[in-house]
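The values are calculated or read from the model by the stated rules, or taken from the named source; none is laboratory data. Nothing here was measured: the structure is a model prediction, and the numbers come from that model. Neighbour counts are summed over all protein chains in view; Cβ atoms, including those assigned to glycine, are modelled from backbone coordinates with ideal geometry.
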Amino acid sequence: MDGILCINKPANMTSFDVCAQIRRKFHCKVGHTGTLDPMATGVMMITLGKSTKLVQYLTHARKTYQAVCRLGVKTNTGDIWGEVTERGPIPELMEGSIEPVLASFLGKSMQQPPMISAIKIDGKKLYEYARKNQTIDVPMRPIEVFSIKLDGIRENELVFTIEVSAGTYIRTICEDIGVRMNTVATLSGLERLAIEDITINQTMELDEVLGTSDLMFVDPLIALKKYRQITVEDPTFIYHGKKVDLPFQDDKILFVFNNEPLAFYKKEDNLYRSERGLW
């Protein structure tokens, strides 16, 4: 079985567990395009069969989340499910004072990934170091916040929607909100609302996927719409891996044949060469 599924990941389940259940159901190769924490819910893009070749091109997509930030509490994991390490004052929560703080995150910046992330340093994931109480230097990474909007205030929590570049940690955004409001804060809820233009309204529930063979696949050309797509009538040169001269500045382009993604080409020395065949 081949294709791209978008599911609404349930809470209290790891992304690995989701993939494992789907793999057992359909007996095929399964991948995903970005981990969601066990407590988080929302859009998770799953690749089946030969579509797993697309994973590396789908992981760089913009993502939209609705997050809940609890003020006055700091934990060792950056979320409410961790051990409390510090408490702070809860400032007066008024829209007029909160919105400028959120707006200060807009644009490009550098972010320090949390120690519980799956980023690899020297061959080990950061959370493996954290489990052994080991601390290491983690390089800051460039991120971009495209939009951020306050959705509501409830007691000591802020609810906001944020659209970010791939690799942005919302738990770190919450901690930084606390700093900018002269207190501490932690993530207390997270739902991924969209990956690029694919929204939660286009997902299937995991139980629904596991209980049927009538799956609702995502059009791969829509999932890959961020790349320039060039349709060819004769793909012979692609099968032969020939370089091509094209008048574009894109780092990567996608060749399409019969309405299916056929190959990614990468620009090198003013020519495009085959990077990944998808057939």
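Details
- Positions within segment 8-27 being surrounded by fewer than 18 Cβ atoms within 10 Å (Cβ to Cβ) and within 15 Å of the chain's Cα centre (by Cα), in sequence order: Thr14, Phe16
- Those strands (runs of 3 or more DSSP E) of segment 160-279 in which at least 1 residues are under 30 Å from Gly72 (Cβ atoms) and in contact with a Leu (Cβ under 8 Å, 6 or more places away or on another chain), considering only elements entirely within it, cover 185-195.
- Residues satisfying the stated conditions in segment 151-168, i.e. surrounded by fewer than 21 Cβ atoms within 10 Å (Cβ to Cβ) and of a type outside the set (D, E, K, R): Gly152, Ile153, Asn156, Val159, Thr161, Ser165, Ala166, Gly167
- Scanning segment 90-108 for residues that are more than 15 Å from Cys69 (Cα to Cα), touching a strand residue (DSSP E or B) at 6+ places or on another chain (Cβ under 7 Å) and either at pLDDT below 95 or surrounded by 15 or more Cβ atoms within 10 Å (Cβ to Cβ) (or both) gives no hits.
- Inside segment 75-89, residues that are part of a strand (DSSP E or B) and in contact with a helix residue (DSSP H, G or I) (Cβ under 7 Å, 6 or more places away or on another chain) make up a count of 1.
- In segment 138-161, the residues that are touching a Phe, Trp or Tyr at 6+ places or on another chain (Cβ under 8 Å) and not hydrophobic (A, V, I, L, M, F, W, C): Lys149, Asp151, Thr161
- Residue in segment 131-139 that is of a type outside the set (Ser, Thr, Tyr), under 26 Å from Arg70 (Cβ atoms) and without any contact (Cβ under 8 Å) to a residue 12 or more places away in the chain present: yes
- One residue stands out among those in segment 30-63 that are in a strand (DSSP E or B), crowded, with 22+ Cβ neighbours inside 10 Å and not hydrophobic (A, V, I, L, M, F, W, C): the one that is farthest from the chain's Cα centre (by Cα), which is Thr47.
- Yes/no for Glu92 being assigned to a strand (DSSP E or B) and in the same structural domain as Ala185 (by TED's automatic domain parsing): no
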